[in-house]
Protein chains: 2
Amino acid sequence: MKIAAKKASLPRPISAQGFKPVAYFCGIVLLATATMMAFPMLADLYFGNEDWKAFAFAGVLTFIPGMSLVYFTKGSLKAGLGLRQAFLLTPLSWLAVSIFSAIPFYLSDYGIVRGSLADSFFEAVSGITTTGATVISGLNAAPPGMLLWRALLQWMGGIGIIATAIAILPALGIGGMQLFRTESSDRSEKAMPRVRQIAATLGKTYLGLTVLAVLVYWATGMRIFDAIAHAMTSIATGGYSTSDASFGQWESNGIQWFATLFMLSGTIPFVLYVRFIAGDRRAFLDRQIRTLAVFLAVTITLIAGWLFSSGTYALEPAFRHAAFNVVSVVTTTGYATTDYTLWGNALVGVFFGLTFVGGCTGSTSGGIKIFRFEVLAIMLKAHFMRLIYPRGVFPRYYGDRKLDDDVVGSVVAFFAVFFLAYSALTVGLMGFGLDFLTSASGAATAVANVGPGLGDTIGPAGNFGSLPDGAKWLLSLGMLLGRLELFTVLILFVPRFWRG
Amino acid sequence: MKIAAKKASLPRPISAQGFKPVAYFCGIVLLATATMMAFPMLADLYFGNEDWKAFAFAGVLTFIPGMSLVYFTKGSLKAGLGLRQAFLLTPLSWLAVSIFSAIPFYLSDYGIVRGSLADSFFEAVSGITTTGATVISGLNAAPPGMLLWRALLQWMGGIGIIATAIAILPALGIGGMQLFRTESSDRSEKAMPRVRQIAATLGKTYLGLTVLAVLVYWATGMRIFDAIAHAMTSIATGGYSTSDASFGQWESNGIQWFATLFMLSGTIPFVLYVRFIAGDRRAFLDRQIRTLAVFLAVTITLIAGWLFSSGTYALEPAFRHAAFNVVSVVTTTGYATTDYTLWGNALVGVFFGLTFVGGCTGSTSGGIKIFRFEVLAIMLKAHFMRLIYPRGVFPRYYGDRKLDDDVVGSVVAFFAVFFLAYSALTVGLMGFGLDFLTSASGAATAVANVGPGLGDTIGPAGNFGSLPDGAKWLLSLGMLLGRLELFTVLILFVPRFWRG
Ligand SMILES: [K+]
Ligand SMILES: [K+]
């Protein structure tokens, strides 16, 4: 698909014709979703669970509109996408998947979600956005199909956001992503074979990492089913687990250390894997990764030191729990080994702050993301220099790239809109009667796609099931907003977008 | 005093000689502080309270270093100030006043603050920064000298910040204040008589408004002593009261409506009074004021409507309590008529958000301030237009002034640093074991110089007395940071500032 930025800069409202390629893409995505529903259906059939019918029925209900869209708009994507169409395509396709992948929950035999629109939609959105906040308790006894479906949603969502972040967001100029306009964003005819090759390598890497995680989790003590589910939700930094105790359930053979590594593997910009495979030995010495590594090392050491010196844990468990849970929150995975909110009020504050950070861009991680903090730091440093030398000129560089005003402005706009959305969501949740900690941490964990909040209700030891329906709808909106980097959604509410 | 921005842009480290004008200015300010201590001393003498000795002794302790500084650095200010000196002067003079005006509290007979460094410093900083958070309970029984001293501190702090915001901050280019570089910031020899005239009109306006408030409060039911104290803390948007119940103590003859008006009069940019007095009938149709008026009208109407329709209050009290408390928080005064945190979780969220807003710049209000939200909105609007038309050029205007990158960058840097300081302070407070709501609202109310926080401990019905000393020191730092628009303080920690 080509994004013709040039054409789109002309005032050109979207015609009915213009919706066609968007509809076509949504159709393709729905067909993929319907296909994926076969796996949980088969799992339920294999384990003899009646819930297979929910997936069969949902599969048909998803296939029909998907096929219709594709049939009636066939060939419309070949002409490429205008800027407006690219903007439309992103939220609409994610919304379509969210709605249809909620159907199995709604039709399920499983009492907690069955027949509840709010619960089903929340769980589906939390899956596809790789947030991992759940309304389901009693996971250990949930039907295998549903557990697999939750994992699959996150796994699809993970590769989906990588594709979006590489192929679409940089061209839209959103949130400073234009910094990452690379050869893989080049959509000229000549570049297409190369783009296809990159896409293939990306897919293989994603699959390869997942298979590796399955094997490691299996070898270190999980049942194969749990290993598959956790492998998918680790690489996707999704965080859905098959146990209410999350990784607290598994402690053998260093499994939590391995999980920490797999979460980290999911937060690495996936183009770097492609570069590494293409022979660039120094690919992983990327600036974002170095900053993230230093940040994690310092944070983990401080927390582990505190846990050890306060007598909460012996040395190895102190480092293990600190590393696992910090990595889990910063990569926006959202697994837990233990209820870290019991480590004291100071650490509640720290984990609240960590919720916003996020991993690297172009990975499966959510949150604000490391490079935006780097850009902010560069901007602030230049500002302080300007205060000291009002007539000085201070060019800003990100690595060897000059940071122009467009990038800095986009990053700053991202921060502003992120915190505005977060604040509005917090107040909205309080409007449903939730307390301040639940509201603020719930809003943060939704927009940053982390998963668990803080406090007794939605903390790492709780779940989102008891919240009022209105709060679940709000949080679902927050998860989609955050996952799609806010602007792709918000721009649809700018009247000018439609007038052209 | 002249600020020679040209000279200062040359790399020139501060010599011992360079400190002299700064020391001179601090000396002047200390002499003024010592003089002000005479009033509470006289009040205690008049009411026969032994506490007069604390003020007498503190006055001497403040006079001696003040006089010494002035004596040994006499004439040094005449040469004007370099940029670095202007940066230094602001935090050092405010810190000096904070320290010395804490002495009467420390020496007082009054058990709550007597002998406690943390409490005395907190109360003094909260006064001079016009924050109004207090560690003192049992105000109704406190010695009159102390009550008057608290009011006087805020009154001095109020005119002090107006002077700083008009004469110093625009020249430093801090937080977008360069938008307000006017004739009154012009420091050429020719402009000096005019600057003196403006300063005189400002002083008279400030005094006139205060006297008017005294008369109105007295006429509507306060004792003259309470009327004087509240007049000073209303115009200064300070919020210190002589009663634990704040304005809940007084409800006669529309006194709360009048107080609402006086708080509003303190949040108007004081140069507008000067312009109005100089004959500009349309002075108050200023852009900031119109935005603030619309914002207040909408917020108050919504809250009053909710209070009325939910049956909490009848119509007049609903509007009165909504108007008073919203205006109190938005103007960063911090009085209360009632414990608005009991109006429900939704309104706790709203009041938390209001804590950040702030009034107009160049007034006695703290917080982020209206014009920065306006600049942010203009910036975001231009950004959305740019997303829709990537090749378009969208000049940004604030009224009829072009918003250049320097102003936008300064405003954005202000937001970033404001929220970083707020976040760090929140985590720091949680580190002292405070709960999340207390920490987050305490940090916000300190940096925004509002006064009351939220929650049972530091909410409008509580006070800061029970917090651990470490938290009080942190909050004191936060109040000073916020009052001095962050950058004047933070720049002292940039090594480059000292190297030149
Ligand atoms: K997650
Ligand atoms: K105040």
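Under the rule a/c < 1.5 gives rounded, and otherwise a/b versus b/c splits prolate from oblate, where does the protein assembly as shown land using the Cα gyration tensor? Prolate, because a/c is 1.5 or more and a/b exceeds b/c. Compute the FRET efficiency between A:SER252 and A:LEU95 as 1/(1 + (r/R0)^6), taking r as their Cβ-Cβ distance and R0 = 41 Å, and round to the nearest 0.05. My answer for the efficiency is 0.50.
Please report A:TYR398, B:TYR24 as a ranked list, fewest other C-beta atoms within 10 angstrom at the top and most at the bottom.
The fewest-first ordering by Cβ neighbours comes to A:TYR398, B:TYR24.
Of B:PHE419, A:PHE100, B:PHE373, how do they rank once you tally other Cβ atoms within 10 Å and put the fewest first? If you can, show how the numbers build up before the last one.
Values: B:PHE419 15, A:PHE100 22, B:PHE373 19.
The order, fewest Cβ neighbours first, is B:PHE419, B:PHE373, A:PHE100.
By the count of other C-beta atoms within 10 Å, a proxy for reagent exposure, B:SER310, B:SER439 are ordered fewest to most as B:SER310, B:SER439. The mean number of partner chain beta-carbon atoms within 10 angstrom of a residue's beta-carbon across peptide A:341-347 is 4.
A Cβ-based charge dipole, computed about the Cα centre of region B:97-186 with Lys and Arg at +1 and Asp and Glu at -1, lands at about 80 debye. Estimate the FRET efficiency between A:ILE64 and A:SER466 by the formula 1/(1 + (r/R0)^6), using the beta-carbon distance for r and 41 Å for R0, to the nearest 0.05. The formula returns an efficiency of 0.70 here. May I ask which of A:LYS53/A:LYS204; B:LYS369/B:LYS472; A:LYS402/B:LYS402; A:LYS53/A:LYS74; A:LYS369/B:LYS381 have a Cα-Cα span longer than 28 Å here? Cα-Cα > 28 Å for A:LYS53/A:LYS204; A:LYS53/A:LYS74; rest within. Net charge in the neighbourhood of B:LEU387 (other residues with Cβ under 14 Å of its Cβ; Lys, Arg +1, Asp, Glu -1) is +3.
Note down the magnitude of the dipole of the protein assembly as shown about its Cα centre, charges +1 on Lys and Arg C-beta and -1 on Asp and Glu C-beta and zero elsewhere, to the nearest 20 debye.
So the dipole magnitude of the protein assembly as shown works out to roughly 4760 debye.
Restricting to the protein assembly as shown, compute how many DSSP beta bridges are antiparallel as a %, nearest 5.
Details: 4 of 8 bridges.
Here the share of antiparallel DSSP bridges comes out near 50 percent.
Summing charges over neighbours of B:PHE247, with a neighbour being any other residue whose Cβ is under 13 Å away from its Cβ, gives -3 when K and R count +1 and D and E count -1. In this simple spin-label approximation, B:GLU50 and A:GLN197 carry label points 7 Å from Cα along the Cα→Cβ vector, and these lie 9.2 nm apart. Sequence-distant contacts, meaning Cα pairs under 8 Å at least 6 residues apart, place the relative contact order of chain B at 17 percent.
A dipole drawn for the protein assembly as shown from +1 and -1 charges on Cβ atoms has a positive end, and of A:LEU30, B:GLY138, A:THR337 the residue lying farthest that way is A:LEU30.
Which residue, chosen from B:THR242, B:ILE224, B:LEU296, occupies the Cα position most advanced towards the positive end of the dipole of region B:184-301, where the dipole is computed from +1 (Lys, Arg) and -1 (Asp, Glu) charges on Cβ about the Cα centre? Positive-most Cα among the choices belongs to B:LEU296.
A simple spin-label model places the labels of A:ALA79 and B:MET385 3.0 nm from each other, with each point 7 Å out along Cα-to-Cβ. Please work out whether region B:19-85 counts as rounded, prolate or oblate from its C-alpha gyration tensor, where a ≥ b ≥ c are the square roots of the eigenvalues and a/c under 1.5 means rounded, while otherwise a/b larger than b/c means prolate and anything else oblate? Prolate.
Within the set of other residues whose C-beta is less than 9 Å from the C-beta of B:ALA461, count the net charge using Lys and Arg as +1 and Asp and Glu as -1.
Details: positive: none; negative: B:ASP244, B:ASP339, B:ASP456.
My count for the surroundings of B:ALA461 gives -3.
Rounded, prolate or oblate: which fits chain B when a ≥ b ≥ c are the square roots of the eigenvalues of the alpha-carbon gyration tensor, with rounded for a/c under 1.5 and prolate only if a/b beats b/c? Note, shape of chain B comes out rounded. Could you let me know the centre-to-centre spacing of region B:328-355 and region B:62-92, using Cα atoms, in angstrom? Cα centres, region B:328-355 to region B:62-92: 40 Å.
The amide H of A:GLY82, built 1.01 Å from its N in the peptide plane, has A:ALA4 as neighbours under 5 Å, considering only residues 5 or more places off or on other chains. Near the amide H of A:TYR398, within less than 5 Å, lie the amide hydrogens of A:LEU403, all on another chain or at least 5 residues away, with H placed in the peptide plane.
Read the figures in this text as sums done on the coordinates, not as results from a lab. Quick caveat, the model's predicted, so the values are computed rather than measured. As a convention, Cβ positions derive from the backbone with ideal geometry for all residues, glycine included, and neighbour counts pool all protein chains shown.
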